[in-house]
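See below for the structure under consideration.
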């Protein structure tokens, strides 16, 4: 029987960030929500208690995120940042020329992706296309209806 367990690819920085979030959820946010629920219960009739409903909704979202983080943290594969390579791999910081503009970003796993921080997922259309390309290689990529040439 083969096990098809999905590993979550993270840098050490990304893992540390998720651990900090997990710890904050357990030690600060979860107890705060429990207190809000207790306070809302003191108002009496729960059937028309919007504060209680809001706190329970928040608790549900919080618990779902805690479970998600537990699953990710249990199945993490750490990748080391790549200083220099002849081809693009996860962990590479890539400089590309696209539409006469220079862009740089790091290719990371999907849990760590943050385009605003110049981190793109290895599962994104651009990330998938760049993986395995060699320095100096040019390729055409379609992102939605727009086609662009990218030079690594």
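The values are calculated or read from the model by the stated rules, or taken from the named source; none is laboratory data. Source: prediction; values computed, not measured. No Cβ is skipped: glycine too gets one built from the backbone with ideal geometry, and neighbour counts run over all protein chains shown.
Within the range 42-64, identify whether any single residue is under 25 Å from residue 5 (Cβ atoms) and modelled with pLDDT of 90 or more, and answer yes or no. The answer is yes; a qualifying residue exists. Scanning the range 31-50 for residues that are surrounded by 15 or more Cβ atoms within 10 Å (Cβ to Cβ) and part of a helix (DSSP H, G or I) returns 33, 36, 37, 40.
Among the residues of the range 108-151, write down those that are surrounded by fewer than 11 Cβ atoms within 10 Å (Cβ to Cβ) and on the phi < 0 side of the Ramachandran plot.
Of everything in the range 108-151, those that are surrounded by fewer than 11 Cβ atoms within 10 Å (Cβ to Cβ) and on the phi < 0 side of the Ramachandran plot turn out to be 116, 134, 140, 142, 145, 146, 147.
Exactly one residue out of 61, 73 is in contact with a helix residue (DSSP H, G or I) (Cβ under 7 Å, 6 or more places away or on another chain) and outside the structural domain of residue 143 (by TED's automatic domain parsing): that is 73.
Of the listed requirements (1) over 22 Å from residue 126 (Cβ atoms); (2) under 20 Å from the mean Cα position of the chain (by Cα), residue 48 misses just one: (2).
From the list 63, 70, exactly one residue is surrounded by 13 or more Cβ atoms within 10 Å (Cβ to Cβ) and either assigned to a helix (DSSP H, G or I) or out of contact with any strand residue (DSSP E or B) (no Cβ under 7 Å at 6 or more places or on another chain) (or both). Which is it?
The unique qualifying residue is 63.
Looking across the range 136-152, the residues that are in a loop (DSSP other than H, G, I, E, B) and under 22 Å from residue 83 (Cα atoms) come down to 136, 137, 152. Taking the criterion of being within 30 Å of residue 138 (Cβ to Cβ) and either at pLDDT 85 or above or surrounded by 15 or more Cβ atoms within 10 Å (Cβ to Cβ) (or both), the residues of the range 73-85 that qualify are 79, 80, 82.
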